[in-house]
Every structure is written in C-alpha cells, then in structure tokens.
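Participant: Encoded as structure tokens, here's the structure I'll be asking about.
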Amino acid sequence: MSDEPQPANYCPDPAISALASWLGSPVEPADFPEARIRFRNDRAAASVGLAGLSDADWARHFGRFDPLNGNLPQPLALKYHGHQFRNYNPDIGDGRGFLFAQLHSCDGRLMDLGTKGSGQTPYSRSGDGRLTLKGAVREILATEFLEALGVNTSKTFSVIETGEELWRNDEPSPTRSAVMVRLSHSHIRIGTFQRLAALEEAENMQALIDYCLKEFPGAPPPDDAPARDEPAVQLMHQVVERMADLAASYMVAGFVHGVLNTDNMNVTGESFDYGPWRWLPTWDPSFTAAYFDHGGLYAFGRQPEALHWNCGQLAIALRALADSDPLVVALERFGPLYMEAIARRWCWRLGVEPKGVEADTKLVSLCEEAMRDSEEGPDAFFFACRSSHTRKHAPMELTNTLESYTPVESAHAYWSDAAPQSMLIEEVEAIWAAIDERDDWSPLEDKVTGLRRLGEAHGPAPTPAGHA
C-alpha cells in the first residue's frame with residue numbers, strides 16, 4: 001500500500017450518476033475568500049492522472065471546485081443515516097462535504113474525490129460546513145502514517161487554506177480555515193444502507209448492492225456458505241472480510257480512530273474521516289481518543305468489537321433483501337478472519353515470516369505482554385524488534401520465540417535510524433504550533449517525508465489468502 005503508484009492517465013467515470021437521484025443532493029460549493037494551496041499530494045495525484053495540473057488549475061478544481069473534465073457536473077452531497085455511539089440518527093448526511101468527482105486509478109479501481117469543509121449542504125443542520133486548518137493538518141498526518149503502517153485508508157489529496165476565520169468551542173478561536181479533498185475507493189457507508197432500509201427503498205438498495213459488487217469487487221463467499229449466489233449475501237461476506245482486516249490493521253498500528261460510527265464505515269473497508277484520533281503512547285486497551293467518549297465505547301481495545309457491531313447493523317439493513325441466516329453466517333466469520341489478519345499483519349510489522357495462526361497468535365500475546373510490562377509504545381517496540389539496535393531487557397520467552405521465526409530481509413536504511421517514526425499528540429501539537437504561530441510548514445513537510453520513508457521500509461502490507 002505504501003509503494004509508489006505507477007503514473008496513470010486521467011480517466012473520468014462518474015458511475016455514481018446512475019444512483020444520484022436518490023443517493024444524494026446536488027449542492028453548490030462555498031465561495032471562499034482565498035484559495036491558497038497548502039498541501040498537494042502529487043503521489044496520490046499521479047495514481048489518477050492529475051499530477052500534471054498547474055497550481056492555478058489545482059486551486060481552481062480543489063479550492064473553487066470547477067468540475068473536472070468529463071466528470072460530475074455538480075457536487076453531490078450524499079444521504080445516509082447512522083448509529084452514532086450506538087444511537088440511531090436519521091438526520092445526518094454530508095453536512096460539510098460532497099462527492100466531487102470519480103475517476104480510475106492506475107490499477108483500474110474506481111476512486112472518489114470527496115471533500116471536507118466545502119460548505120453547507122441540506123444536511124448541515126446547525127453546522128457552518130467548514131473545516132479548521134488544524135483539522136486538515138491532522139488529517140494529513142493521520143492518513144500518511146496509516147498508509148505507511150499498511151492500513152487501508154483514504155489519502156489526503158489536497159488542503160487549501162480558504163481565508164475565513166472560524167469559531168469552535170473545543171479549540172482557540174478564531175482559527176484558520178481550510179477545504180480538504182480526500183481520495184477514496186468509495187464513500188458508500190454502512191449508514192447508506194441503513195437509510196435505504198429505514199425508508200423501505202428495497203429497489204434502490206438492490207441497485208446500490210449491484211453498484212458495490214461491480215465497482216468494488218472482492219473474494220466470493222466460501223463454497224459452503226448458504227445463499228452464496230445472492231448479491232446481498234455476497235456483499236455481506238465482502239464487508240465482513242474487509243472490516244475484520246481493518247480492525248486488525250488499527251490494532252497492529254496502535255491507532256485509535258475515536259469515532260467508529262456506522263456513518264464512518266466505508267463498505268470497501270477503507271478507513272476515513274479522521275477527527276479525534278490518537279496513536280498509543282503505551283499498550284493500553286482502555287486508551288480513548290475522543291474526549292467525549294466517556295464510556296470508552298471506542299477505546300483502543302474495543303475497536304474490533306465496534307467494527308463487528310457495525311457489520312451487524314449492515315446485516316440488519318440487508319434483511320430487506322436476504323434471509324437472516326446467510327447474513328448471520330457471514331457475520332460469524334468476523335472473529336476468525338480478525339485473528340488471521342492480526343497474525344498476518346503482526347508478523348509483517350515485526351519483519352518475520354508467518355508460521356500459522358496458532359503460533360503467530362502466541363507471538364502476538366508475548367509481544368503485548370512485553371509492551372505492557374515495559375510500558376513501551378508500539379512504535380518503539382516494533383522498531384526495536386527489527387532494527388539494528390540491541391533490544392534491552394527483552395523477556396527470554398519472547399526472545400526465544402522471535403529467534404524461531406525467519407526474518408524478512410530488509411536492507412532499508414530506516415531500520416538503522418536512531419529512533420522510529422511515531423505520532424504522539426505532543427508532536428502533532430508542535431507541528432501545528434509551527435504553522436499557527438510562524439506559518440512554518442517545514443515540520444509538517446519533514447514529517448510527511450519521514451512517514452513515507454517508513455512506508456518504503458515496510459513495503460506493502462500482506463493481503464488475505466486468495467485476494468489480490
């Protein structure tokens with residue numbers, strides 16, 4: 001996932017137009033006072049044939065939102081419902097963003113360019129439809145580090161400062177504003193299906209299932225799965241596989257998303273929409289990212305449970321078109337698939353060849369115990385395990401177990417660095433302070449360079465057996 005993409009030609013394909021009349025509402029972007037480019041992700045742009053845009057054209061398309069050639073003629077604010085901290089809310093939707101364009105990447109996948117902070121929509125409720133510049137900077141940092149750690153994540157494609165002053169209750173105000181564009185493989189949420197189920201729009205739900213199966217193809221259900229030829233059942237199996245892998249990737253990365261509501265769950269299994277995220281300072285399952293998550297619903301150690309619960313809500317929605325039993329069979333695969341993904345991804349981050357789920361699960365447990373006992377953060381732990389530095393005071397059982405594994409050859413100079421890349425909140429605040437106080441973007445630029453170097457050292461994350 002962190003490999004440099006091959007350059008692509010611009011290939012527009014607004015496939016969602018066939019669903020647009022009931023999936024979203026045409027909207028107008030905000031008219032911002034300024035459009036000052038602060039971040040353009042030319043690596044991501046190269047993958048969809050847009051790296052050659054001049055800065056003037058970049059600002060025109062991603063700050064003023066002039067339509068891209070051959071693409072959606074007008075932005076589309078998507079409609080969806082969702083469970084927010086387990087409370088069902090039918091009054092949501094794209095409140096400060098919209099789908100701007102669809103186009104194919106160099107690997108043939110259909111990709112979305114979606115926005116955050118692009119103005120009010122019919123679903124803004126009392127919000128101003130804007131994004132703080134700090135929020136955009138935080139999203140750059142989150143997506144770059146997640147990509148480097150092998151997480152299936154949206155890419156922060158563009159950040160443009162817009163010249164407005166915003167007032168917020170949870171940070172010093174007034175603060176600077178921005179509009180962000182993300183590159184994602186879909187913005188179809190579990191909450192999108194929940195809305196169609198609530199409104200009893202079975203025909204539209206069938207059309208959306210067909211769209212997802214066509215545009216986001218995945219592995220077929222197991223041969224013994226009941227009703228495996230039914231489209232709704234096929235989609236359920238695919239989403240469960242993707243969510244199990246996503247949950248495992250969060251855990252191995254030591255990442256806490258913070259707001260794992262069903263409207264934040266992309267059916268492609270791609271993580272997106274980063275608000276109060278954190279990386280673990282120490283291995284603590286109770287660590288939370290959102291100050292308002294008083295009960296710890298989305299604490300680090302409860303994230304697999306949260307994604308499994310969300311898959312259950314998709315199953316409930318899909319009962320409009322399928323019997324319960326085949327959907328439950330698909331849902332019950334989550335646990336075993338999650339354990340397989342944890343083992344696979346853990347060995348990848350350690351830099352060793354997997355032995356098998358049983359042996360690898362024991363290795364995971366020993367590593368977790370070592371981190372708890374030493375109060376060492378996961379970034380430092382994994383780095384020490386595979387770097388050229390001598391590991392101090394490693395438990396003998398863990399040392400012996402690791403020595404029984406075959407190391408993956410990696411000559412990348414990153415593993416000889418003095419310290420690993422990390423993303424604790426103090427560094428995030430320091431990067432923002434440099435921008436806020438001195439308009440100094442060099443710490444952010446240096447951090448992005450360092451994170452991409454980490455991604456090069458890791459190489460692509462492993463995929464499940466039988467998947468591309």
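The values are calculated or read from the model by the stated rules, or taken from the named source; none is laboratory data. Source: prediction; values computed, not measured. Note: ideal-geometry Cβ built from the backbone for every residue, glycine included; neighbour counts use all protein chains shown.
Participant: If you take the residues of the stretch 261-306 that are under 11 Å from the mean Cα position of the chain (by Cα) and in a loop (DSSP other than H, G, I, E, B), which of them is surrounded by the fewest Cβ atoms within 10 Å (Cβ to Cβ)?
Facilitator: GLU270
Participant: Here is a further query. Under the condition of being under 18 Å from the mean Cα position of the chain (by Cα) and in a loop (DSSP other than H, G, I, E, B), which residue from the stretch 100-116 is surrounded by the most Cβ atoms within 10 Å (Cβ to Cβ)?
Facilitator: SER105
Participant: Determine which member of the set GLY127, GLY150, GLY97, GLY135 is out of contact with any Ser or Thr (no Cβ under 7 Å at 6 or more places or on another chain) and assigned to a loop (DSSP other than H, G, I, E, B).
Facilitator: GLY127
Participant: Going by the conditions given, is GLU200 closer than 28 Å to ASN87 by Cβ and either among the acidic types (Asp, Glu) or in a strand (DSSP E or B) (or both)?
Facilitator: Considered against the rule, which asks whether it is closer than 28 Å to ASN87 by Cβ and either among the acidic types (Asp, Glu) or in a strand (DSSP E or B) (or both), GLU200 comes out as yes.
Participant: Among the numbered criteria (1) within 25 Å of PHE145 (Cα to Cα); (2) buried (at least 17 other Cβ atoms within 10 Å of the Cβ), which one does TYR405 miss?
Facilitator: (1)
Participant: Filter the stretch 211-221 down to residues that are part of a loop (DSSP other than H, G, I, E, B) and touching a residue at least 40 places away in the same chain (Cβ under 8 Å), then give me how many there are.
Facilitator: Selection size over the stretch 211-221: 4.
Table: residues versus (1) outside any loop (DSSP other than H, G, I, E, B); (2) within 30 Å of ALA142 (Cα to Cα); (3) of a type in the set (D, E, K, R); (4) modelled with pLDDT under 95.
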| position | (1), (2), (3), (4) |
| --- | --- |
| PHE382 | yes, yes, no, no |
| CYS385 | yes, yes, no, yes |
| SER388 | no, yes, no, yes |
| THR399 | yes, no, no, yes |
| GLU409 | no, yes, yes, yes |
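Participant: Working only within the stretch 320-354, note down all residues that are surrounded by fewer than 16 Cβ atoms within 10 Å (Cβ to Cβ) and touching a residue at least 24 places away in the same chain (Cβ under 8 Å).
Facilitator: Listed by number, the residues that qualify are ASP323, ASP325, GLY335, GLU353.
Participant: On the basis of being at pLDDT below 95 and closer than 19 Å to PHE272 by Cα, does SER118 make the cut?
Facilitator: no
Participant: Moving on to the next point. What's the number of the only condition in (1) within 24 Å of the chain's Cα centre (by Cα); (2) at positive phi that ARG349 fails to meet?
Facilitator: (2)
Participant: For residues that are on the phi > 0 side of the Ramachandran plot and β-branched (Val, Ile, Thr), tally how many sit in the stretch 407-443.
Facilitator: Residues meeting the conditions: 0.
Participant: Does any residue of the stretch 408-420 turn out to be under 23 Å from ALA341 (Cβ atoms), surrounded by fewer than 17 Cβ atoms within 10 Å (Cβ to Cβ) and either in contact (Cβ under 8 Å) with a residue 12 or more places away in the chain or hydroxyl-bearing (Ser, Thr, Tyr) (or both)?
Facilitator: Scanning the stretch 408-420, I find at least one residue that is under 23 Å from ALA341 (Cβ atoms), surrounded by fewer than 17 Cβ atoms within 10 Å (Cβ to Cβ) and either in contact (Cβ under 8 Å) with a residue 12 or more places away in the chain or hydroxyl-bearing (Ser, Thr, Tyr) (or both), so the answer is yes.
Participant: Could you tell me whether any residue of the stretch 320-330 is modelled with pLDDT of 95 or more, touching a Lys or Arg at 6+ places or on another chain (Cβ under 6 Å) and assigned to a loop (DSSP other than H, G, I, E, B)?
Facilitator: Within the stretch 320-330, not a single residue is modelled with pLDDT of 95 or more, touching a Lys or Arg at 6+ places or on another chain (Cβ under 6 Å) and assigned to a loop (DSSP other than H, G, I, E, B).
Participant: Given the criteria assigned to a loop (DSSP other than H, G, I, E, B), under 26 Å from VAL328 (Cβ atoms) and in contact with a Pro (Cβ under 9 Å, 6 or more places away or on another chain), does ALA232 qualify?
Facilitator: no
Participant: Could you list all residues from the stretch 421-455 that are loosely packed, with under 15 Cβ neighbours inside 10 Å, touching a residue at least 40 places away in the same chain (Cβ under 8 Å) and part of a helix (DSSP H, G or I)?
Facilitator: Correct list: ILE425 only.
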